[in-house]
1. Taking amide H atoms as placed 1.01 Å from N in the peptide plane, list the residues 5 or more away in sequence, or in a different chain, whose amide H sits under 5 Å from that of residue 231.
2. Could you sort the peptides 218-228, 121-131 by per-residue average Cβ neighbour count (10 Å cutoff), highest mean leading?
3. What percentage of the solvent-accessible surface of the range 56-175, computed with a 1.4 Å probe over protein heavy atoms, is contributed by carbon and sulfur atoms?
4. Express in nm, to one decimal, how much length is gained between residue 107 and residue 168 on full extension, taking 0.36 nm for each residue of separation and deducting their alpha carbon distance.
5. Enter the accessible area of residue 78 (Å², nearest 10), with the probe set to 1.4 Å and all protein chains included.
6. Pop a pseudo-label 7 angstrom from the Cα along the beta-carbon direction at both residue 87 and residue 220 and give the gap in nm to one decimal.
7. Give me the accessible area of residue 79, 1.4 Å probe, in Å² rounded to the nearest 10.
Amino acid sequence: MSRIHEALKKAEQERAAVQASGASVLTAPVMPDPPVPAASETKSGRERYLATESAITHSAGYLRFDDLRKHCAHPQWHMDPNVNVFINPALTAHGSEQFRTLRSRLYQMRSSQTLRTLLVTSSVPAEGKTFVTNNLAQAIVRQPDRRALIIDADLRCSRLHVPLGAPASPGLTDYLKGEVDEMAIIQHGLEGNLCFIPGGNQVTNPSELLTNGRLRILLDRVAPVFDWIIMDSAPLLPVADSSFLADLVDGVLLVVRAGQTPAETAQRACQELQGRNVVGVVLNAVGPDQAAGGYYSAYNYGYGYGNGEAADSGK
(Lines give C-alpha, C1' and ligand atoms only; values in the text may rest on other atoms or scores of the structure.)
Protein backbone atom coordinates (compact mmCIF):
# COMPACT_ATOMS: atom_id res chain seq x y z
CA MET A 1 0.00 0.00 0.00
CA SER A 2 2.86 2.40 0.70
CA ARG A 3 4.07 2.08 -2.91
CA ILE A 4 0.62 2.87 -4.24
CA HIS A 5 0.33 5.85 -1.88
CA GLU A 6 3.70 7.19 -2.99
CA ALA A 7 2.82 6.73 -6.67
CA LEU A 8 -0.52 8.49 -6.23
CA LYS A 9 1.17 11.37 -4.41
CA LYS A 10 3.79 11.66 -7.19
CA ALA A 11 1.11 11.63 -9.90
CA GLU A 12 -0.77 14.41 -8.12
CA GLN A 13 2.40 16.48 -7.82
CA GLU A 14 3.15 16.00 -11.54
CA ARG A 15 -0.36 17.06 -12.51
CA ALA A 16 -0.10 20.17 -10.30
CA ALA A 17 3.24 21.04 -11.89
CA VAL A 18 1.81 20.67 -15.41
CA GLN A 19 -1.19 22.82 -14.57
CA ALA A 20 1.03 25.48 -12.99
CA SER A 21 3.19 25.65 -16.11
CA GLY A 22 0.16 26.21 -18.34
CA ALA A 23 0.87 23.10 -20.45
CA SER A 24 -2.07 21.18 -21.86
CA VAL A 25 -3.05 17.84 -20.39
CA LEU A 26 -5.40 15.36 -22.01
CA THR A 27 -8.37 14.90 -19.73
CA ALA A 28 -10.95 12.15 -19.63
CA PRO A 29 -13.55 10.84 -17.20
CA VAL A 30 -12.31 8.48 -14.55
CA MET A 31 -13.45 4.97 -15.30
CA PRO A 32 -14.87 2.82 -12.50
CA ASP A 33 -12.75 -0.30 -12.23
CA PRO A 34 -13.73 -3.76 -11.12
CA PRO A 35 -12.64 -4.48 -7.55
CA VAL A 36 -8.94 -5.29 -7.21
CA PRO A 37 -8.46 -8.68 -5.52
CA ALA A 38 -6.10 -9.19 -2.64
CA ALA A 39 -2.53 -10.13 -3.57
CA SER A 40 -3.12 -13.71 -2.48
CA GLU A 41 -6.08 -13.99 -4.87
CA THR A 42 -4.42 -12.67 -8.02
CA LYS A 43 -3.28 -15.10 -10.65
CA SER A 44 0.02 -13.45 -11.51
CA GLY A 45 2.40 -10.64 -10.77
CA ARG A 46 1.27 -8.95 -13.99
CA GLU A 47 -2.30 -8.75 -12.68
CA ARG A 48 -1.07 -7.10 -9.48
CA TYR A 49 0.95 -4.68 -11.59
CA LEU A 50 -2.04 -3.81 -13.79
CA ALA A 51 -4.23 -3.25 -10.75
CA THR A 52 -1.65 -0.88 -9.25
CA GLU A 53 -1.14 1.00 -12.52
CA SER A 54 -4.90 1.28 -12.99
CA ALA A 55 -5.33 2.83 -9.57
CA ILE A 56 -2.51 5.31 -10.23
CA THR A 57 -3.71 6.35 -13.68
CA HIS A 58 -7.38 6.66 -12.82
CA SER A 59 -6.85 8.56 -9.61
CA ALA A 60 -4.69 11.09 -11.47
CA GLY A 61 -7.74 11.71 -13.69
CA TYR A 62 -6.03 11.77 -17.07
CA LEU A 63 -4.43 9.45 -19.57
CA ARG A 64 -1.49 10.29 -21.81
CA PHE A 65 -0.40 8.40 -24.90
CA ASP A 66 3.13 7.78 -23.65
CA ASP A 67 1.73 6.30 -20.43
CA LEU A 68 -0.74 4.16 -22.36
CA ARG A 69 1.90 2.86 -24.77
CA LYS A 70 4.22 2.07 -21.88
CA HIS A 71 1.73 0.13 -19.77
CA CYS A 72 -0.56 -1.55 -22.30
CA ALA A 73 0.01 -5.05 -23.70
CA HIS A 74 2.91 -5.55 -26.14
CA PRO A 75 2.39 -8.79 -28.05
CA GLN A 76 4.20 -9.61 -31.28
CA TRP A 77 2.07 -8.91 -34.32
CA HIS A 78 2.60 -10.82 -37.57
CA MET A 79 0.71 -8.90 -40.22
CA ASP A 80 -0.82 -10.83 -43.10
CA PRO A 81 0.56 -9.38 -46.36
CA ASN A 82 -2.44 -10.70 -48.29
CA VAL A 83 -4.80 -8.19 -46.64
CA ASN A 84 -2.51 -5.28 -45.71
CA VAL A 85 -2.11 -3.06 -48.75
CA PHE A 86 0.78 -1.05 -47.32
CA ILE A 87 3.14 -4.02 -46.96
CA ASN A 88 2.24 -6.02 -50.07
CA PRO A 89 3.72 -4.68 -53.33
CA ALA A 90 1.05 -6.49 -55.33
CA LEU A 91 -1.67 -4.50 -53.55
CA THR A 92 0.18 -1.27 -52.81
CA ALA A 93 0.06 0.32 -56.26
CA HIS A 94 -3.73 0.71 -56.32
CA GLY A 95 -4.97 -0.09 -52.83
CA SER A 96 -2.74 2.18 -50.75
CA GLU A 97 -3.63 5.24 -52.79
CA GLN A 98 -7.33 4.57 -52.34
CA PHE A 99 -6.95 4.50 -48.58
CA ARG A 100 -4.88 7.69 -48.62
CA THR A 101 -7.71 9.33 -50.56
CA LEU A 102 -10.25 8.10 -48.02
CA ARG A 103 -8.04 9.39 -45.21
CA SER A 104 -7.77 12.82 -46.84
CA ARG A 105 -11.51 13.14 -47.32
CA LEU A 106 -12.16 12.24 -43.70
CA TYR A 107 -9.75 14.96 -42.62
CA GLN A 108 -11.56 17.42 -44.88
CA MET A 109 -14.83 16.55 -43.15
CA ARG A 110 -13.18 16.95 -39.79
CA SER A 111 -12.46 20.60 -40.56
CA SER A 112 -16.21 21.34 -40.39
CA GLN A 113 -17.46 18.82 -37.80
CA THR A 114 -16.39 16.76 -34.81
CA LEU A 115 -15.04 13.52 -36.22
CA ARG A 116 -12.75 11.49 -33.99
CA THR A 117 -14.63 8.22 -33.46
CA LEU A 118 -15.69 6.24 -36.52
CA LEU A 119 -17.79 3.10 -36.96
CA VAL A 120 -17.20 0.88 -40.00
CA THR A 121 -20.09 -1.39 -40.87
CA SER A 122 -21.83 -3.05 -43.82
CA SER A 123 -25.25 -4.29 -44.84
CA VAL A 124 -24.49 -7.99 -44.68
CA PRO A 125 -21.45 -10.19 -44.02
CA ALA A 126 -18.48 -10.48 -46.40
CA GLU A 127 -18.44 -6.92 -47.76
CA GLY A 128 -14.96 -6.01 -46.50
CA LYS A 129 -15.52 -3.84 -43.42
CA THR A 130 -12.67 -5.44 -41.45
CA PHE A 131 -10.33 -4.93 -44.41
CA VAL A 132 -11.34 -1.27 -44.61
CA THR A 133 -11.00 -0.73 -40.84
CA ASN A 134 -7.48 -2.12 -40.75
CA ASN A 135 -6.10 -0.41 -43.83
CA LEU A 136 -7.67 2.96 -43.08
CA ALA A 137 -5.94 2.90 -39.70
CA GLN A 138 -2.69 1.89 -41.38
CA ALA A 139 -3.02 4.88 -43.71
CA ILE A 140 -3.59 7.24 -40.79
CA VAL A 141 -0.59 6.18 -38.70
CA ARG A 142 1.70 6.55 -41.69
CA GLN A 143 1.34 10.28 -41.27
CA PRO A 144 3.75 11.91 -38.80
CA ASP A 145 2.58 11.88 -35.17
CA ARG A 146 -0.88 10.52 -35.96
CA ARG A 147 -2.30 8.05 -33.43
CA ALA A 148 -5.04 5.55 -34.18
CA LEU A 149 -6.87 2.94 -32.12
CA ILE A 150 -8.84 0.20 -33.88
CA ILE A 151 -11.43 -1.73 -31.89
CA ASP A 152 -13.00 -5.04 -32.85
CA ALA A 153 -16.59 -4.45 -31.75
CA ASP A 154 -17.97 -7.30 -33.86
CA LEU A 155 -18.44 -9.54 -30.85
CA ARG A 156 -20.33 -12.16 -32.85
CA CYS A 157 -17.49 -12.83 -35.28
CA SER A 158 -14.32 -11.07 -34.17
CA ARG A 159 -11.76 -11.17 -36.98
CA LEU A 160 -9.81 -7.92 -36.82
CA HIS A 161 -6.94 -9.68 -35.04
CA VAL A 162 -6.39 -11.91 -38.09
CA PRO A 163 -4.93 -9.37 -40.55
CA LEU A 164 -2.78 -7.97 -37.74
CA GLY A 165 -1.57 -11.39 -36.65
CA ALA A 166 -2.43 -10.34 -33.09
CA PRO A 167 -3.79 -12.21 -30.04
CA ALA A 168 -7.59 -12.35 -29.93
CA SER A 169 -7.83 -12.02 -26.14
CA PRO A 170 -8.06 -10.55 -23.64
CA GLY A 171 -10.25 -8.08 -25.43
CA LEU A 172 -13.42 -6.05 -25.50
CA THR A 173 -15.73 -8.75 -24.16
CA ASP A 174 -13.47 -9.29 -21.16
CA TYR A 175 -13.44 -5.57 -20.43
CA LEU A 176 -17.20 -5.23 -20.84
CA LYS A 177 -17.70 -8.07 -18.36
CA GLY A 178 -15.56 -6.17 -15.85
CA GLU A 179 -12.81 -8.78 -15.73
CA VAL A 180 -9.92 -6.55 -16.89
CA ASP A 181 -9.14 -2.86 -17.28
CA GLU A 182 -8.27 -1.01 -20.48
CA MET A 183 -4.51 -1.43 -20.05
CA ALA A 184 -4.91 -5.20 -20.27
CA ILE A 185 -6.82 -5.13 -23.58
CA ILE A 186 -5.09 -2.35 -25.53
CA GLN A 187 -2.28 -3.80 -27.65
CA HIS A 188 0.68 -1.98 -29.16
CA GLY A 189 2.43 -4.56 -31.26
CA LEU A 190 4.45 -2.61 -33.82
CA GLU A 191 6.62 0.45 -33.99
CA GLY A 192 4.53 3.55 -34.52
CA ASN A 193 1.26 4.85 -33.16
CA LEU A 194 -1.25 2.10 -33.98
CA CYS A 195 -3.03 0.43 -31.07
CA PHE A 196 -5.62 -2.33 -31.14
CA ILE A 197 -8.36 -3.77 -28.93
CA PRO A 198 -9.36 -7.29 -30.04
CA GLY A 199 -12.81 -8.76 -29.64
CA GLY A 200 -11.86 -10.96 -26.70
CA ASN A 201 -13.20 -14.30 -25.57
CA GLN A 202 -16.44 -15.52 -27.11
CA VAL A 203 -19.66 -14.65 -25.33
CA THR A 204 -23.31 -15.62 -25.71
CA ASN A 205 -24.72 -12.16 -24.95
CA PRO A 206 -22.91 -9.63 -27.18
CA SER A 207 -25.82 -7.18 -27.40
CA GLU A 208 -26.18 -7.00 -23.63
CA LEU A 209 -22.46 -6.36 -23.20
CA LEU A 210 -22.35 -3.63 -25.84
CA THR A 211 -25.23 -1.80 -24.15
CA ASN A 212 -24.14 -2.12 -20.51
CA GLY A 213 -22.49 1.31 -20.48
CA ARG A 214 -18.85 0.29 -20.15
CA LEU A 215 -18.08 0.76 -23.85
CA ARG A 216 -19.16 4.40 -23.68
CA ILE A 217 -16.91 4.86 -20.64
CA LEU A 218 -13.99 3.27 -22.51
CA LEU A 219 -14.46 5.53 -25.54
CA ASP A 220 -14.67 8.63 -23.35
CA ARG A 221 -11.54 7.53 -21.56
CA VAL A 222 -9.30 6.90 -24.58
CA ALA A 223 -10.73 9.33 -27.17
CA PRO A 224 -8.58 12.31 -26.08
CA VAL A 225 -5.43 10.20 -26.47
CA PHE A 226 -5.92 9.26 -30.15
CA ASP A 227 -6.44 11.22 -33.34
CA TRP A 228 -8.82 8.53 -34.57
CA ILE A 229 -10.70 5.63 -33.00
CA ILE A 230 -12.11 3.26 -35.62
CA MET A 231 -14.48 0.44 -34.65
CA ASP A 232 -15.17 -2.61 -36.76
CA SER A 233 -18.70 -3.88 -36.13
CA ALA A 234 -21.24 -6.52 -37.05
CA PRO A 235 -23.24 -6.08 -40.27
CA LEU A 236 -26.35 -3.94 -39.92
CA LEU A 237 -29.15 -6.09 -41.25
CA PRO A 238 -28.68 -9.45 -39.51
CA VAL A 239 -28.32 -8.00 -35.98
CA ALA A 240 -28.94 -4.71 -34.15
CA ASP A 241 -25.46 -4.26 -32.63
CA SER A 242 -24.21 -1.71 -35.17
CA SER A 243 -27.35 0.41 -34.91
CA PHE A 244 -26.60 0.89 -31.23
CA LEU A 245 -22.88 1.48 -31.80
CA ALA A 246 -23.67 4.16 -34.37
CA ASP A 247 -25.08 6.28 -31.54
CA LEU A 248 -21.74 6.18 -29.70
CA VAL A 249 -19.55 7.54 -32.49
CA ASP A 250 -19.10 10.76 -34.44
CA GLY A 251 -19.49 9.18 -37.87
CA VAL A 252 -20.27 5.98 -39.76
CA LEU A 253 -18.65 4.50 -42.87
CA LEU A 254 -20.80 2.01 -44.77
CA VAL A 255 -18.91 -0.60 -46.81
CA VAL A 256 -20.57 -1.96 -49.95
CA ARG A 257 -18.99 -4.74 -51.99
CA ALA A 258 -18.86 -3.97 -55.71
CA GLY A 259 -20.79 -6.36 -57.92
CA GLN A 260 -22.20 -8.29 -54.96
CA THR A 261 -24.35 -6.16 -52.66
CA PRO A 262 -27.84 -5.64 -54.14
CA ALA A 263 -28.92 -2.00 -54.31
CA GLU A 264 -32.03 -2.66 -52.24
CA THR A 265 -29.89 -4.25 -49.51
CA ALA A 266 -27.65 -1.20 -49.33
CA GLN A 267 -30.73 1.03 -49.22
CA ARG A 268 -32.14 -0.94 -46.28
CA ALA A 269 -28.83 -0.49 -44.47
CA CYS A 270 -28.99 3.27 -45.07
CA GLN A 271 -32.49 3.29 -43.60
CA GLU A 272 -31.15 1.57 -40.49
CA LEU A 273 -28.69 4.44 -40.14
CA GLN A 274 -31.24 7.24 -40.44
CA GLY A 275 -30.50 9.98 -37.94
CA ARG A 276 -26.83 8.99 -37.68
CA ASN A 277 -23.92 10.81 -39.26
CA VAL A 278 -23.06 8.64 -42.28
CA VAL A 279 -19.88 10.25 -43.54
CA GLY A 280 -19.46 8.08 -46.61
CA VAL A 281 -19.87 4.81 -48.46
CA VAL A 282 -16.83 2.71 -49.37
CA LEU A 283 -17.21 0.67 -52.54
CA ASN A 284 -14.99 -2.32 -51.81
CA ALA A 285 -13.35 -4.85 -54.15
CA VAL A 286 -13.12 -2.35 -57.01
CA GLY A 287 -10.54 -3.30 -59.62
CA PRO A 288 -7.91 -0.79 -60.72
CA ASP A 289 -9.71 -0.13 -64.01
CA GLN A 290 -13.19 0.20 -62.53
CA ALA A 291 -14.75 3.60 -61.88
CA ALA A 292 -16.11 4.14 -58.39
CA GLY A 293 -18.65 6.83 -59.20
CA GLY A 294 -19.64 8.81 -56.12
CA TYR A 295 -18.11 6.32 -53.69
CA TYR A 296 -14.79 5.99 -51.98
CA SER A 297 -13.18 2.86 -53.40
CA ALA A 298 -10.92 0.11 -52.13
CA TYR A 299 -9.47 -3.08 -53.56
CA ASN A 300 -9.10 -6.12 -51.37
CA TYR A 301 -8.73 -9.74 -50.62
CA GLY A 302 -10.21 -10.41 -47.21
CA TYR A 303 -11.65 -12.91 -44.78
CA GLY A 304 -14.97 -14.71 -44.79
CA TYR A 305 -17.50 -13.95 -42.05
CA GLY A 306 -18.06 -16.63 -39.49
CA ASN A 307 -16.12 -19.50 -41.03
CA GLY A 308 -12.66 -18.51 -39.81
CA GLU A 309 -11.11 -19.29 -43.17
CA ALA A 310 -9.30 -17.07 -45.64
CA ALA A 311 -11.42 -16.23 -48.63
CA ASP A 312 -11.56 -13.77 -51.48
CA SER A 313 -14.66 -12.25 -49.99
CA GLY A 314 -13.78 -9.65 -47.40
CA LYS A 315 -15.54 -9.19 -44.09
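The values are calculated or read from the model by the stated rules, or taken from the named source; none is laboratory data. Since we're looking at a predicted model, the values are computed, not measured. Backbone-built Cβ (ideal geometry, glycine too); neighbour counts: all protein chains shown. Calculation scope for accessible area: heavy atoms of the full protein, side chains included, ligands and nucleic acids excluded. Shrake-Rupley method; radii C 1.70, N 1.55, O 1.52, S 1.80 Å.
1. 118, 119, 120, 151
2. Numbers: 218-228: 19.6, 121-131: 27.3.
Sorting 218-228, 121-131 by mean packing, highest first, produces 121-131, 218-228.
3. Numbers: 2030 of 4290 Å².
Looking at the range 56-175 in its full context, I get 47 percent from C and S.
4. On the way: separation 61, 0.36 × 61 = 21.96 nm, distance 3.02 nm.
Difference between extended and current length: 18.9 nm.
5. The accessible area of residue 78 comes to roughly 130 Å².
6. 3.6 nm
7. 40 Å²
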